[in-house]
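Peer 1: The structure is given below, and queries will be raised subsequently.
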Amino acid sequence: MNDISIDNILNRIEQFCKDRNWDQFHTPKELAIGAVTEAAELLDLFRFLSDQQIEDMLTDENGRAKIGQELADILYFLLRFSQLYGFDLLEEVDKKMSINEAKYPVKLSRDCNLKYNELTEK
């Protein structure tokens, strides 16, 4: 598939769901549950692994394939939710990044992983 874009993937997802008559099952609640379930499956891939084992998985073809499939499943649910309920995900991410930039000013958050409400002057 050479012509991969968000629009093409959205069209493919929409057709996939229409062909199977799945819209009836894609309520906001069910799609949110699906996204969280798939995120938990991604997390489960790393469960009980050391940092080195995770690094090894990221360089192993089979490990990368498993991770990629879970990432794709998560994205599928996010895209389907946004498609059915009128969210432009690119626009939403852009707006959220503006909020994050205000909450996490470089001066306070560089080299620091504290939550925004815990940041203090250095």
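The values are calculated or read from the model by the stated rules, or taken from the named source; none is laboratory data. All values reported here derive from a predicted model rather than from experimental measurement. When we count neighbours, we look across all protein chains shown, and the Cβ atoms used for this are built from the backbone with ideal geometry, even at glycine.
Peer 1: Could you tell me whether the stretch 43-51 includes any residue that is acidic (Asp, Glu), free of Cβ contacts under 8 Å to residues at least 12 places away in the same chain and in the same structural domain as Ile6 (by TED's automatic domain parsing)?
Peer 2: The answer is yes; a qualifying residue exists.
Peer 1: Could you list, in sequence order, all residues of the stretch 1-37 that are touching a residue at least 40 places away in the same chain (Cβ under 8 Å) and either in contact with a strand residue (DSSP E or B) (Cβ under 9 Å, 6 or more places away or on another chain) or of a type in the set (A, V, I, L, M) (or both)?
Peer 2: Scanning the stretch 1-37 gives Ile6, Ile9, Leu10, Ile13, Leu31, Ala32, Ala35.
Peer 1: Could you check Glu101 against (1) within 21 Å of the chain's Cα centre (by Cα); (2) assigned to a helix (DSSP H, G or I); (3) exposed (fewer than 11 other Cβ atoms within 10 Å of the Cβ); (4) outside the structural domain of Asn11 (by TED's automatic domain parsing) and say which number it fails?
Peer 2: (3)
Yes/no per residue for (1) over 22 Å from Gly86 (Cβ atoms); (2) touching a Cys at 6+ places or on another chain (Cβ under 7 Å):
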residue: Asp23; (1), (2): no, yes
residue: Pro28; (1), (2): no, no
residue: Phe48; (1), (2): yes, no
residue: Gln53; (1), (2): yes, no
residue: Met57; (1), (2): yes, no
residue: Ala65; (1), (2): yes, no
residue: Gly68; (1), (2): yes, no
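Peer 1: Just the residues that are of a type outside the set (Phe, Trp, Tyr) and in contact with a Gly (Cβ under 6 Å, 6 or more places away or on another chain), please, taken from the stretch 31-84.
Peer 2: Selection gives Met57 alone.
Peer 1: Just to confirm my filter: which helices (runs of 4 or more DSSP H) fall fully inside the stretch 1-71 and include at least 2 residues that are of a type in the set (Lys, Arg)?
Peer 2: 6-20
Peer 1: Determine which member of the set Asn21, Asn11 is at pLDDT 95 or above, loosely packed, with under 13 Cβ neighbours inside 10 Å, within 18 Å of Leu89 (Cα to Cα) and not hydrophobic (A, V, I, L, M, F, W, C).
Peer 2: One residue alone meets the criteria, Asn11.
Peer 1: If a residue must be more than 21 Å from Phe16 (Cβ to Cβ) and exposed (fewer than 11 other Cβ atoms within 10 Å of the Cβ), how many such residues does the stretch 59-89 contain?
Peer 2: Within the stretch 59-89, residues that are more than 21 Å from Phe16 (Cβ to Cβ) and exposed (fewer than 11 other Cβ atoms within 10 Å of the Cβ) number 3.
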